[in-house]
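Here the structure is laid out as structure tokens; the discussion comes afterwards.
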Amino acid sequence: MWREIGRWSEAELDRADRAYRRWVVRERRAKRFFAYIVETPKGVPAGSGAVWLAPNQPRPGRVGTSGLPYILSMYTEPRYRRRGVATRLVLTMIEWAERRRYGRVVLHASPMGRPVYARLGFQPSREMRLDLTARRR
Ligand SMILES: CC(C)(COP(=O)(O)OP(=O)(O)OC[C@H]1O[C@@H](n2cnc3c(N)ncnc32)[C@H](O)[C@@H]1OP(=O)(O)O)[C@@H](O)C(=O)NCCC(=O)NCCS
């Protein structure tokens, strides 16, 4: 996924991949990370995605649940694109969150992913951010 949506060197991709794998193992053990794979009828992986329960603070209207379902690592193999693989993955994860009574799911969309999520009803949020690296320049 990162190779397609970012501009990182192979060395940086490898470094991040190793760290990500360690992180996934830890988060899976803690039951905060759930991943899905769509396979062809012959068992070939066509696409995958995951939902992670990101830590968040209790607040009014959100006392009984822990974590905010955050969809990440969405990827469809190029030859299986535009057949609804990602849509199916996201719908499965939305159902996952609904069954557990979460009030919302969030994600950060790549330009390629944006129309897929928008069609499913995702809307831009009120999140704001400040780029501290730009301030250091
Ligand atoms: C973004 C990405 C995951 C989408 O995967 P996908 O499986 O092709 O997504 P879908 O098939 O569900 O939807 C893609 C498009 O195909 C269309 N489509 C779905 N089923 C279709 C079908 N049977 N026939 C024709 N078109 C179809 C959808 O309407 C959608 O069109 P739109 O983009 O104009 O809205 C994939 O392009 C990808 O892996 N990109 C690189 C990594 C990336 O950007 N990941 C997302 C990070 S947030």
Angstrom value of the Kirkwood radius, inverse mean 1/r, which spans all Cα pairs in segment 34-120
13.8 Å
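For segment 34-120, with all protein chains present and a 1.4 Å probe, just round the carbon and sulfur fraction of the accessible area to a whole percent.
On the way: 3120 of 5690 Å².
Solvent-exposed carbon and sulfur of segment 34-120 make up 55 percent of the total.
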Taking the dipole about the Cα centre of segment 63-103, with the C-beta of Lys and Arg at +1 and of Asp and Glu at -1, give me whichever of THR65, THR92, TYR102 is farthest to the positive side.
THR92
Largest-first ranking of ILE37, ILE94 by accessible area, probe 1.4 Å, whole protein assembly kept, is ILE37, ILE94
Going by accessible area, probe 1.4 Å, with all protein chains left in place, what is the ranking of TRP23, TRP2, largest first?
TRP2, TRP23
Report the label-to-label distance for LEU120 and ARG22 in nanometres (one decimal), using points 7 Å from each Cα along the Cα→Cβ vector.
3.0 nm
Quick one: accessible area per residue over the chain, 1.4 Å probe, rounded to a whole number of Å²?
79 Å²
Helix-derived [θ] at 222 nm for the chain: sum -39500 (n - 2.57) over DSSP H runs of at least 4, divide by residue count, nearest 500?
-10500 deg cm²/dmol
Output the peptides 81-91, 97-107, 10-20 sorted from most to least packed, where packing is the average of other Cβ atoms within 10 Å over each peptide's residues.
81-91, 97-107, 10-20
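The values are calculated or read from the model by the stated rules, or taken from the named source; none is laboratory data. If you're wondering where the values come from, they're calculated on a predicted model, not measured in any experiment. Cβ: placed from backbone, ideal geometry, glycine included. Neighbour counts: every protein chain shown. Quick note on the areas: whole protein, heavy atoms, side chains included, nothing else; ligands and nucleic acids left out. Shrake-Rupley method; radii C 1.70, N 1.55, O 1.52, S 1.80 Å.
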